[in-house]
Amino acid sequence: MLYFCVVQTKPIITVKDLQKSYGDFHAVKGISFEVYNGEIFGLLGPNGAGKTTTLEIIETLREKSGGTVIVDGLNIDSQANDIKQIIGVQLQAAGYYPSLSLTELLELFAGLYNMPINTLEMLSRVGLEDKAKAKFKELSGGQKQRFSIATTLINKPKIIFLDEPTTGLDPQARRNLWDLIREVKAMGTTVVITTHYMDEAEQLCDRVAVMEGGKVIALDTPDTLIDNLVASGFERKKEVKKANLEDVFLSLTGQEWRDE
Amino acid sequence: MKYSQFKAMMAIAKASFRSITRSPSAVVFTLVFPLIFITVFGFLKGGSVTLNVALSSHSDQQNSVYIGLISNPAFSVHHDMDSVEQRTLLLKGKLDAIIDIQKVQLDSSSTYDVNLYTTMASAEKGIIVRSMLEHLIDKSNLSAAKIISPMATLKQQELKGRTYSTIDFILPGQLGFSLLSTGVFGTAFVFFNLRQTLVIKRFFATPIRKPFIVMGEALARMVFAMLGAAFLIALGHYAFGFTLINGLATVAEMLVLSAMGLIVFMGFGFVVSGIAKSESTIPPLANIITLPQFLLSGTFFGVENFPTWLQPICKMLPLTYLNDAMRKVAFEGASLLDLGPQLAVITLWGVIIYAIAVKVFRWE
């Protein structure tokens, strides 16, 4: 039992006193947290809280102003390029060469990671095998996000970063993406995800950090955070029903995800 | 296994090349426009002079001057106009001369008066008509005087030279223009869009280093432009008789020049992509760079045809030197070593423009 706990809580990302300033503006004000190996870790917060900045610093895309970041034992200051090889990054609203097919785009990323892949197998992992010849611009929102995730998996990364992957998707597409993310986790990959949908964080994340104004103001499992709030005497204004409107919508329109 | 930046660069080059070949604007600028100009100018007749002359309606046609006139291929003799029409066309310069030959009956023999009307509207050709006509009259006079051994005869020896046709001038200019537009427009749009759509940011998240991203993109454009250049040269040579003085060696030298030119022009593209605030500001900025060179760099007519006050500007532009170098290589058989001044100016432009590009280029 003890052994199990040690494995569970082995940190794969350690962030200490991370700061980021743009001139006088302090986007990230000395935050610290750890992401454990194999978990789905959520960075929550309203727009402008510093989620994306934090994520992009860990992804080696942005210089930090202060603090230390260690990813799988590699220091971001001196080993950024080694870090790039073991992570997969999905950006908010990233585009690709618009006139290339999905197969050609995967070949491009295979080359960028120096990692030969079976493109069809990769596409079938994200349920896009029949879109092999389609162009990225021809995909629906959900398909685009799943393709983006496929590009993050090419180098068999230890960690993948997903920046608001479900923003703008319909309920079916969101659920479908959650399933994909859970599958990725089941393969042993650590997932760091930002979102401002709390239901998503509750369903998906093992632990969440809540950010506000460049600071982490809470960090725990969703369950514990809820329990803490309830223990403080919080009560919902309205009696919680056994289902919500989304459940109604899904039961009316069907759970299964469809091609838009 | 060690990570290979080269492999990653080649992956970008391949993807970018595919992307370029599917981009209508790249194909239009690199191939279609130059092709249209080359075809139009390739079919223009160059070299031989045609003299349009009309014979006045009551001219005598039973004399050796007239016979000499119609048997000379340089003359196109029109009989089918009345005198008013002849006069109108002459004044517009559509006719180069009107010739009127009248028989004058003397007692026992007859002579001829040859009247020539020329116009300021076609002054140069009028002079040619006059001298050719004089020659015909002299010949007739000699034979009428039964002079078999004239005092002086002209013996001309033509040294076999190369025929310089329109295509020899137009093709290098079009090639230069094609390189200029693909270099400036293509590079500016691609890097602006890669930045705008976060493609380049996604690349940053992979282990490839920044210079290799740029080199991969540049390589793709280079290969595309070189294939385009080779195609234009081949078409010009086989379809329109473009002179390649040393055959394949000349083609190779032209491609080296093309590559040099393209690198400089891509530098302009990097600058434009760096200073453009939005996608719609790219075309005007790129046009500011390409249009003056298109007009002033000897693409369609030699720089020496411009007024003297404009020539110093012409002689500052990089395309002028590329066009000049291309023509020297293709037609005169100059080797790259003979092109020191041209290559020096092109290189200098390269140094200047990349110094600016490094300053203004933005990654995000």
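The values are calculated or read from the model by the stated rules, or taken from the named source; none is laboratory data. The structure presented is a predicted model; accordingly, all values stated were derived computationally and were not measured. When we count neighbours, we look across all protein chains shown, and the Cβ atoms used for this are built from the backbone with ideal geometry, even at glycine.
Summary table
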| quantity | calculated |
| --- | --- |
| Residue, farthest from the chain's Cα centre (by Cα), within the stretch A:196-240, restricted to residues that are of a type in the set (V, I, T) and surrounded by 15 or more Cβ atoms within 10 Å (Cβ to Cβ) | A:V216 |
| Single condition A:A150 does not satisfy, out of (1) out of contact with any helix residue (DSSP H, G or I) (no Cβ under 8 Å at 6 or more places or on another chain); (2) within 14 Å of another protein chain (Cβ to nearest Cβ); (3) among the aliphatic types (A, V, I, L, M) | (1) |
| B:A26 vs. criteria within 14 Å of chain A (Cβ to nearest Cβ), buried (at least 19 other Cβ atoms within 10 Å of the Cβ) and out of contact with any Leu (no Cβ under 8 Å at 6 or more places or on another chain) | yes |
| Cβ-Cβ under 9 Å pairs, at least 6 apart or on other chains, the stretch B:130-151 side small (G, A, S), far side assigned to a helix (DSSP H, G or I) | B:S140/B:S64; B:S140/B:V65; B:S140/B:G68; B:S143/B:S64; B:A144/B:S64 |
| Residue within the stretch A:68-80 that is on the phi < 0 side of the Ramachandran plot, in a helix (DSSP H, G or I) and free of Cβ contacts under 8 Å to residues at least 60 places away in the same chain present | yes |
| Identity of the residue in the stretch B:54-88, outside any loop (DSSP other than H, G, I, E, B) and in contact (Cβ under 8 Å) with a residue 60 or more places away in the chain, that ends up farthest from B:I98 (Cα to Cα) | B:S64 |
| Out of A:K16, A:K10, A:K29, sole residue that is at pLDDT below 90 and either among the β-branched types (V, I, T) or at negative phi (or both) | A:K10 |
| Any hit, the stretch A:223-231, residues being among the aliphatic types (A, V, I, L, M), free of Cβ contacts under 8 Å to residues at least 60 places away in the same chain and more than 30 Å from A:K10 (Cα to Cα) | no |
| Sole residue being under 16 Å from B:G183 (Cβ atoms) and surrounded by fewer than 19 Cβ atoms within 10 Å (Cβ to Cβ), chosen from B:N305, B:N287 | B:N287 |
| Positions within the stretch B:220-247 being surrounded by fewer than 18 Cβ atoms within 10 Å (Cβ to Cβ), touching a residue at least 40 places away in the same chain (Cβ under 8 Å) and more than 19 Å from the chain's Cα centre (by Cα), in sequence order | B:V223, B:N246 |
| Complete set of residues in the stretch A:25-66 that are farther than 19 Å from A:V210 by Cβ, in contact with a strand residue (DSSP E or B) (Cβ under 7 Å, 6 or more places away or on another chain) and not in a loop (DSSP other than H, G, I, E, B) | A:G66 |
| Any hit, the stretch A:2-17, residues being crowded, with 20+ Cβ neighbours inside 10 Å and either under 15 Å from A:V216 (Cα atoms) or touching a Pro at 6+ places or on another chain (Cβ under 9 Å) (or both) | yes |
| The stretch B:115-140: number of residues that are over 13 Å from B:G68 (Cα atoms) and part of a helix (DSSP H, G or I) | 11 |
| Long-range neighbours under 8 Å by Cβ, at least six apart or interchain, first residue in a loop (DSSP other than H, G, I, E, B) within the stretch B:343-364, second charged (D, E, K, R) | B:R362/B:R195; B:W363/B:R195; B:W363/B:K210; B:E364/B:R195; B:E364/B:K201 |
| For A:G168: the one exception among (1) within 27 Å of B:L194 (Cβ to Cβ); (2) crowded, with 21+ Cβ neighbours inside 10 Å; (3) touching a residue at least 24 places away in the same chain (Cβ under 8 Å) | (2) |
| Among (1) farther than 30 Å from B:T299 by Cα; (2) of a type in the set (D, E); (3) part of a helix (DSSP H, G or I), the one test that B:E158 misses | (3) |
| Residue in the stretch A:88-134 that is farthest from B:F192 (Cα to Cα), counting only those that are in contact with a strand residue (DSSP E or B) (Cβ under 8 Å, 6 or more places away or on another chain) and either at the interface with chain B (Cβ under 7 Å from one of its Cβ atoms) or crowded, with 20+ Cβ neighbours inside 10 Å (or both) | A:G88 |
| Leading residue by the ranking (modelled with the highest pLDDT) among those in the stretch A:200-223 that are closer than 21 Å to A:A27 by Cβ and small (G, A, S) | A:A209 |
| Which listed residue, of B:L295, B:L244, B:L310, B:L262, is aliphatic (A, V, I, L, M) and modelled with pLDDT of 85 or more | B:L262 |
| Any hit, the stretch B:188-206, residues being under 20 Å from B:R22 (Cβ atoms) and more than 14 Å from chain A (Cβ to nearest Cβ) | yes |
| Residue tally, condition under 19 Å from B:P24 (Cβ atoms) and either touching a Cys at 6+ places or on another chain (Cβ under 6 Å) or of a type outside the set (G, A, S) (or both), over the stretch B:166-178 | 1 |
| Test: residue in the stretch A:19-26 that is at negative phi, of a type in the set (S, T, N, Q), more than 10 Å from chain B (Cβ to nearest Cβ) and in contact (Cβ under 8 Å) with a residue 24 or more places away in the chain | yes |
| Wholly within the stretch A:91-159, helices (runs of 4 or more DSSP H) carrying at least 3 residues that are more than 19 Å from B:I20 (Cβ to Cβ) and of a type in the set (V, I, T) | A:141-153 |
